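Heads up, the thing below is written out as structure tokens.
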Amino acid sequence: HIGTLWTLRGEIEEAAKRPDKAVEAYRVAVKRVLEPMARAELYVRIARLESDRGAPAGAATALARALETIEKVGPADPPPLLVDATFRLGDAHYRLRNWRQAAQAYDKGIQIVDAKDRRAPMAHYRIGAIRAILGDLAGALQDWSALSGRGSGLWHVMAKAAAVDLTWRIRHDGLLSDGR
């Protein structure tokens, strides 16, 4: 029951807008809680608070621990916590500019969610952005073009604009490099 009390203290600190103290309480609770999925949930809470206070490295560490804990339990269907932690890990690595790790997390997230999940288009868009950052312009263009044809939401519209912009840049740079 000590873990539950520390979890409650973390929730109180969070409600009182004291994220540093909430993180401390959740870290103590993680050591005291026996149920693995409850520990994983605490790690995700820590990650959310770390991310909110501009510490993506702390968020990435907590999310990696959450995913490790969830994978040890090995539920048959991916629980919502696994999906949430996977996408959050992609976001943390994206903010840290750990491009390959971000792309891996987003790709894993896309594979385990329902196609209608609102985070999937964001992940597809960011994978395209990562490809562009890493110099794979053809891959980025392919990702963004495919995403833009799948819907009309924000990420779909952004993908269409990015594909148009990238196409123009490739053509423009091509003309400049040919000496025209």
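The values are calculated or read from the model by the stated rules, or taken from the named source; none is laboratory data. If you're wondering where the values come from, they're calculated on a predicted model, not measured in any experiment. All Cβ positions, even for glycine, are placed from backbone atoms using ideal geometry, and neighbour counts span all protein chains on display. To get the accessible areas, we keep the full protein, side chains included, count just its heavy atoms, and leave off ligands, DNA and RNA. Shrake-Rupley method; radii C 1.70, N 1.55, O 1.52, S 1.80 Å.
A few points about this structure:
- Yes/no for residue 90 being under 18 Å from residue 140 (Cα atoms) and in a helix (DSSP H, G or I): yes
- Number of the condition not met by residue 169 [criteria: (1) surrounded by 14 or more Cβ atoms within 10 Å (Cβ to Cβ); (2) assigned to a helix (DSSP H, G or I)]: (1)
- Residue check for residue 60: open to solvent by 30 Å² or more (accessible area, probe 1.4 Å), farther than 16 Å from residue 19 by Cβ and either in a helix (DSSP H, G or I) or basic (Lys, Arg) (or both): no
- Residue count for the range 87-125 under the criterion of being basic (Lys, Arg) and open to solvent by less than 50 Å² (accessible area, probe 1.4 Å): the result is 1.
- Which listed residue, of 162, 138, is in a helix (DSSP H, G or I), closer than 20 Å to residue 103 by Cα and at pLDDT below 95: 138
- In the range 1-42, of all residues being among the basic types (Lys, Arg) and either touching a Leu at 6+ places or on another chain (Cβ under 9 Å) or assigned to a helix (DSSP H, G or I) (or both), the one that is surrounded by the fewest Cβ atoms within 10 Å (Cβ to Cβ) corresponds to 31.
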